[in-house]
Amino acid sequence: MNRTERYATPSILLHWLVALLIVVAFGLGLTLSDMPLSPTKFKLIGWHKWLGISVLALVALRLLGRLLWRAPALPATMSPLAQLAAKIGHLVLYALMLAVPLTGWLMSSAYGIPVVYLGLLPLPDLIAANETLADQLKEVHGLLNWTLALAVAGHVLAAFKHHFIDRDGLLFRMSLKQPRA
């Protein structure tokens, strides 16, 4: 596989940074859901929000990068249906990576709790305080998170299938390491 068949280095780095932040934010969100109210919980909620806003910004940057650095073509060995499934899967992932942090931000706004990025930059409320709507957004945020977790699991399983079963080198497209010849 040559370099033209791989993603651009900035795309690769953003991919793995966003993946790491999503995993940490998801784990932190799960931890928070079982914690009683305390100063520690409020501190962790702040970290969770920072991670979410970081994911939102980095995904926006990734989308901009997709305009600058085109994705490599899918292997010709993939059927048209598999190629369509890959494209739809990526669209779903991008939509969820935007929707999850946005619903979290909307939820905070609806609860009347400001989002202050890194404790320094106050972000505007996206909607007016409304506890009923906040409770609904909390449910939507949770549902979208679990949907994203399933989509990520499917993405990882597809990558492993390509690597271990199809052996088509697809996994190396998102790696900084060159495959062995």
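Brief remarks follow.
- For chymotrypsin sites (Phe, Trp or Tyr not before Pro), the sites in region 1-79 that DSSP calls loop and that have at most 15 other Cβ atoms within 10 Å are 69.
- In the chain, lysine pairs with alpha-carbon atoms under 28 angstrom apart (chain gap of 8 or more, or interchain): 7
- Nearest-ten-degree value, helix 80-111 long axis tilted from longest Cα axis of the chain: 20 degrees
- Choice from 119, 89, 52 showing the highest fluctuation, given a GNM over the chain with Cα pairs closer than 10 Å: 119
- For the chain, the percent of C-alpha pairs falling in each 10 Å distance bin, counted from 0 to the bin holding the largest distance, reads 9, 33, 31, 17, 9, 1.
- Candidates 114, 124, 39, ranked by Gaussian network fluctuation over the chain, Cα under 10 Å, top entry: 39
- Helical runs (DSSP H, four residues minimum) scored at -39500 (n - 2.57) apiece and divided by the length of the chain put the mean residue ellipticity at 222 nm at -23500 deg cm²/dmol.
- Modelled FRET efficiency - R0 25 Å, residue 95 with residue 43, Cβ distances, 0.05 increments: 0.25
- Global form of region 83-181, assessed from the alpha-carbon gyration tensor, a/c cut-off 1.5: prolate
- Springs between Cα atoms under 10 Å define the GNM used for the chain, and in it the highest mean-square fluctuation of 108, 54, 33 occurs at 33.
- Per-atom-type breakdown for the chain gives carbon and sulfur 72% of the accessible area (1.4 Å probe, protein chains only).
- Using a probe of 1.4 angstrom and keeping all protein chains present, the accessible surface of the chain works out to 62 square angstrom per residue.
- Helix axis angle, 9-33 relative to the chain longest principal axis, alpha carbon, degrees: 40 degrees
- Loop-located trypsin sites (Lys or Arg not before Pro) in region 26-81, at most 16 other Cβ atoms within 10 Å (DSSP): 70
- Sparse packing (at most 15 other Cβ atoms within 10 Å of the Cβ) combined with a DSSP loop state is found for the following trypsin sites (Lys or Arg not before Pro) in region 101-181: 167, 177, 180.
- Region 38-118 shape via C-alpha gyration tensor axes, a/c threshold 1.5: prolate
The values are calculated or read from the model by the stated rules, or taken from the named source; none is laboratory data. A quick note: this is a predicted structure, and the numbers were derived from the prediction, not measured. For neighbour counting, all protein chains shown are included, and Cβ atoms are generated from backbone atoms with ideal geometry for every residue, glycine included. For the accessible areas, the whole protein counts, side chains as well, though only heavy atoms, and no ligand, DNA or RNA atoms are used. Shrake-Rupley method; radii C 1.70, N 1.55, O 1.52, S 1.80 Å.
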